[in-house]
1. For Cα pairs less than 8 Å apart in space and 6+ apart in sequence, what is the mean separation divided by the residue count of the stretch 214-362, i.e. the relative contact order in percent?
2. How would you rank 90-103, 197-210, highest first, on the average number of other Cβ atoms within 10 Å across their residues?
3. Scan the stretch 18-78 for GluC sites (Glu not before Pro) in coil per DSSP, keeping those whose Cβ has at most 12 other Cβ atoms within 10 Å, and list them by number.
4. Show that you can apply the helix-only estimate: for the chain, add -39,500 (n - 2.57) for every DSSP H stretch of four or more residues, divide by all residues, and state [θ] at 222 nm to the nearest 500.
5. On a C-alpha basis, how far is the centre of the stretch 127-166 from the centre of the stretch 35-100 in Å? Whole number, if you could?
6. In debye, nearest 20: dipole of the chain around its Cα centre with unit charges on the Cβ of K, R (+) and D, E (-)?
7. Over the stretch 129-220, what is the mean sequence separation of C-alpha contacts under 8 Å (at least six apart), divided by residue count, expressed as relative contact order in percent?
8. For Cα pairs less than 8 Å apart in space and 6+ apart in sequence, what is the mean separation divided by the residue count of the chain, i.e. the relative contact order in percent?
Amino acid sequence: MKNSIKIMLISMTVILSSCQKSDNLFLVSGYSAENKTDVMLCSLNDKGSAEMISGFTVGDNPSYFTFGKNNLVYFANEVDSFNLSPGGGITTLRLDEERKQFVRESSVNQGGGGPCHITLSDDGKYLITANYGSGSVSVVRLNPDGIPKRVTDVIFYGERSHPHMTLYNHRKQIYYVSDLGLNSIHQLRLDTTIGRLMTEDVPYLKCKPGSGPRHMAIDKKNVNLFVINELNSTISVFNILSDTTDVKQTVSTLPEGYQDTSYCADLHLSANGRKLYGSNRGHNSLVTFAVGANGKLSSPKHQSCSGNWPRSFAISPSGKFLVVANERSDEVSIVSIDTGKSDKVIPSLKTNAPACVKFLRK
């Protein structure tokens, strides 16, 4: 009887371990090249080893993606012409969970050239793209099955504009759009009936001239907005509780005395909100800040990204690893962020010009 119970317990442990491993799936997409896949489904085990499960060729530079309902994934095609019309594209794939393979569902032109970011609206009825190339933001309505149906709005901000990301503030029910070219964060409200973006009374948050705001993160209480600035390699912390929003702190992402060229890229908060991570392209590092109770950041700590040009990264569900898309060295590296150990880099996955990486979370 004891042996039977022991066998059952071992079996349950194996099953649970298997389930946990299957949950650590991540997706990588990037720039297209002839005879190469531009989307990879991968898995990460608890020791930090990654492997590719399946690949798919989307085409037309699926440089960023976001998840929808019913295993849908929406990819922004970062091109200036799509489906024989001016503007970028949105390609929708569906993940067959059992086969761990992707199936193409649709492709549409979203009306703005060079989209580099895509997000699902808070109500789940629209996709919003930041179009770096054409200085615009597009809104695309989804049908009841979650498939992109039609463009409902495109806002053009002018030739100097280069929108880079859209982020939702749940407290204020507004969307922030970082604009690298105009050094500002647009504040917009989405009319979910007609799919139009309306400018707020305070139309934007002003960033330092020449800073180049790129990616953003917001804390769980929607009190502090963190903005990583590509051109001057800094992170700014905004107090977003009031309409008269002020920058409460700006800190460098680079080591003191570093003089070579470097450009910031991605930005993420840890699950508990106590750590903020950023990436430096050129210095080729990941920077970590402790986040204080008032939202202010500590002195930075740096570690290698184990590659060249860390465009995007994702925090593993366990919080132990950063999965880094190193665009120029054509690899996805796994970096340990366990503070109890020395910086450890695990062998990487080779792929062509990766630009976006995210974990599939249930």
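1. Working: 379 pairs, mean separation 21.1, N = 149.
That works out to 14 percent.
2. 90-103, 197-210
3. Of the GluC sites (Glu not before Pro), the ones in loops of the stretch 18-78 whose Cβ has at most 12 other Cβ atoms within 10 Å are Glu34.
4. Rounded to the nearest 500, the figure is -2000 deg cm²/dmol.
5. 19 Å
6. 1160 debye
7. 23 percent
8. Averaging sequence separation for qualifying contacts and normalising by length gives 11 percent for the chain.
Throughout, read-outs are computed from the coordinates displayed, never taken from laboratory work. None of the values given here were measured: they were computed from a predicted structure. Every residue, glycine as well, gets a Cβ built from its backbone with ideal geometry; the counts of neighbours run over all protein chains shown.
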